[in-house]
């Protein structure tokens, strides 16, 4: 993990943000993943249950921004991602549901 962090909300739940290496074979861009859960352990468990087994949160070097918190709280799944911005620049890409990240590009089309 390059960076990650969390923010505890007034209702006791947390938003965890993680920068993960690119899931694509070419490895061109890292992704920023946001998870809303009751606690940090449950947030990481949600990611591990989706197949991201080597996900750990060490420290709080890159906590979610207020805009990121708003985005994940307004998403029905509470689990979103987008390409991680380089060198601390703000990203202009919209957030995507986690299904779009985990979808296999070589999966056969259903008839």
Name the pairs: first residue in segment 66-80 and at positive phi, second residue buried (at least 18 other Cβ atoms within 10 Å of the Cβ) and assigned to a helix (DSSP H, G or I), Cβ to Cβ under 7 Å, at least 6 apart or on different chains? 78/72
Restricting attention to segment 57-88, which residues are part of a loop (DSSP other than H, G, I, E, B), touching a helix residue (DSSP H, G or I) at 6+ places or on another chain (Cβ under 7 Å) and within 10 Å of residue 15 (Cα to Cα)? 78
Long-range neighbours under 9 Å by Cβ, at least six apart or interchain, first residue at negative phi and exposed (fewer than 14 other Cβ atoms within 10 Å of the Cβ) within segment 37-58, second at pLDDT below 90 and in a loop (DSSP other than H, G, I, E, B): 48/54; 48/55; 54/1; 56/1; 58/1
State whether one or more residues within segment 91-102 are part of a strand (DSSP E or B), under 19 Å from residue 30 (Cα atoms) and either modelled with pLDDT of 80 or more or touching a strand residue (DSSP E or B) at 6+ places or on another chain (Cβ under 8 Å) (or both). yes
Tell me which residues, restricted to segment 72-90, are at pLDDT 80 or above and buried (at least 18 other Cβ atoms within 10 Å of the Cβ). 72, 79, 80, 81, 82
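The values are calculated or read from the model by the stated rules, or taken from the named source; none is laboratory data. Note that this is a predicted model, so its numbers are computed, not measured. Reconstructed Cβ throughout: ideal geometry from the backbone, glycine too, with neighbour counts over all protein chains shown.
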